[in-house]
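To start, the structure itself, in structure tokens.
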Amino acid sequence: MLADFAQWLLATVFDWGYLGVFLLMAVESSFVPFPSEIILIPAGVLIADGKMNLYLVFLVSILGSLFGALINYYLAMFVGRRFLNRYGKYFFVSQNSLERMDNFFENHGHISTFTGRLIPGIRQLISIPAGLSKMNLKIFLVYTGAGAGVWSIILIALGYFIGKNQELISIYLKEITIATLLSVILLIAGYVFYKKRKIVK
């Protein structure tokens, strides 16, 4: 069943071309839990077959991710913030909590947004607290695009080099996910160490 779906998706992406990649990545990056693996790995296969262009796929994947992230960002900013301001106390979210979140994203929003885009299950959600805290839009877009770009090129490369070997993809995807999570942990640890040294100085 999964193999049939993957074949259907491969055909759909090819039929829709770059617009298909853009729309699917926008869905994946918004509040819909749709894995980017089944979008960009097939796209990588099409690149290897000469049916799509690497640079264009990479570009539209980032643009799609940004578009989907902006949906969450603005929904959180204009709908979520008002809701929490009015009803947050009923969900144990105080004004003090919101102010702390605002301060956190003002000081650490860039690293949180970038690393969040690399963590499965978090990449779709990181735009929500960013929007709630009204994080600087330019910074949000830059670091969202950077994180999305890193993850996109990893998946495209998987599809390009071993996309027709499902067993190998499953193995490498798990290893890459673990390696990415470890890299995120090290990056955050380095960031915290740098901030502490900066305060001491």
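The values are calculated or read from the model by the stated rules, or taken from the named source; none is laboratory data. A quick note: this is a predicted structure, and the numbers were derived from the prediction, not measured. Cβ sites come from the backbone with ideal geometry, for glycine too, and all protein chains shown count toward neighbours. Areas reflect the complete protein model, heavy atoms only, side chains present, ligands, DNA and RNA absent. Shrake-Rupley method; radii C 1.70, N 1.55, O 1.52, S 1.80 Å.
How far apart, in nm, are two points set 7 Å out from the Cα along the Cα-to-Cβ line at residue 100 and at residue 183?
Simple spin-label model gives 3.2 nm for this pair.
Mind checking the per residue accessible area of the chain for me, 1.4 Å probe, whole number of Å²?
I get 58 Å² per residue for this part.
For the residue pair residue 174 and residue 197, what label-to-label distance in nm results when each label sits 7 Å from Cα along the Cα-to-beta-carbon direction?
The two pseudo-label positions are separated by 3.7 nm.
Once Lys and Arg get +1 and Asp and Glu get -1 on their Cβ, which of 112, 94, 58 lies farthest toward the positive end of the dipole of the chain?
94
Evaluate the charge dipole of the chain about its Cα centre and quote only its size in Debye, nearest 20, assuming +1 on the Cβ of each Lys and Arg and -1 on the Cβ of each Asp and Glu. Intermediate values should be presented prior to the final figure.
On the way: 17 positive and 10 negative charges, 240 e Å.
Value, rounded to 20: 1160 debye.
Quick one: 3J(HN,Hα) in Hz for segment 163-178, Karplus 6.51/-1.76/1.60 with θ = phi - 60°, rounded, Gly and Pro as x.
x, 8, 10, 4, 5, 5, 4, 4, 5, 5, 5, 5, 5, 5, 4, 5
Which residues does the label zone of residue 122 cover in segment 130-158, counting backbone N under 15 Å from a point 7 Å along Cα→Cβ?
130, 144, 147-148, 151
Given that just one value was derived from the coordinates, which of (1) 51, 39, 33; (2) 50, 46, 33; (3) 54, 40, 29 is Cα extents along the principal axes in Å?
Step by step, Cα extents along the principal axes in Å for this structure corresponds to label (3).
Using the Karplus curve 6.51 cos²θ - 1.76 cosθ + 1.60 with θ = phi - 60°, what ³J(HN,Hα) values do you get for each residue of segment 115-124, in whole Hz, with x for Gly and Pro?
Whole-Hz 3J(HN,Hα) from phi for segment 115-124: 5, x, 5, 9, 9, x, x, 9, 4, 7.
Considering the dipole of the chain built from charges on the beta carbon (Lys and Arg +1, Asp and Glu -1) around the Cα centre, which of 194, 183, 144 is farthest to its positive end?
Checked the options; the winner is 194.
How much of the accessible area of the chain, in percent, comes from carbon and sulfur atoms when a 1.4 Å probe is used?
Summing carbon and sulfur atoms, their accessible area is 70 percent of the total for the chain.
Mind listing the phi-derived Karplus ³J(HN,Hα) values for segment 44-55, rounded to whole Hz, using 6.51, -1.76 and 1.60 with θ = phi - 60°, and x for any glycine or proline?
x, 5, 5, 5, 4, 7, x, 9, 9, 9, 4, 5
Give the distance, in whole Å, between the Cα centre of segment 40-55 and the Cα centre of segment 122-163.
For segment 40-55 versus segment 122-163, the Cα centre distance is 20 Å.
Report, in deg cm²/dmol and to the nearest 500, the calculated mean residue ellipticity at 222 nm for the chain, where each DSSP H run with n ≥ 4 adds -39500 (n - 2.57) and the sum is divided by the residue count.
Working: 9 runs with 157 residues, N = 201.
Rounded to the nearest 500, the figure is -26500 deg cm²/dmol.
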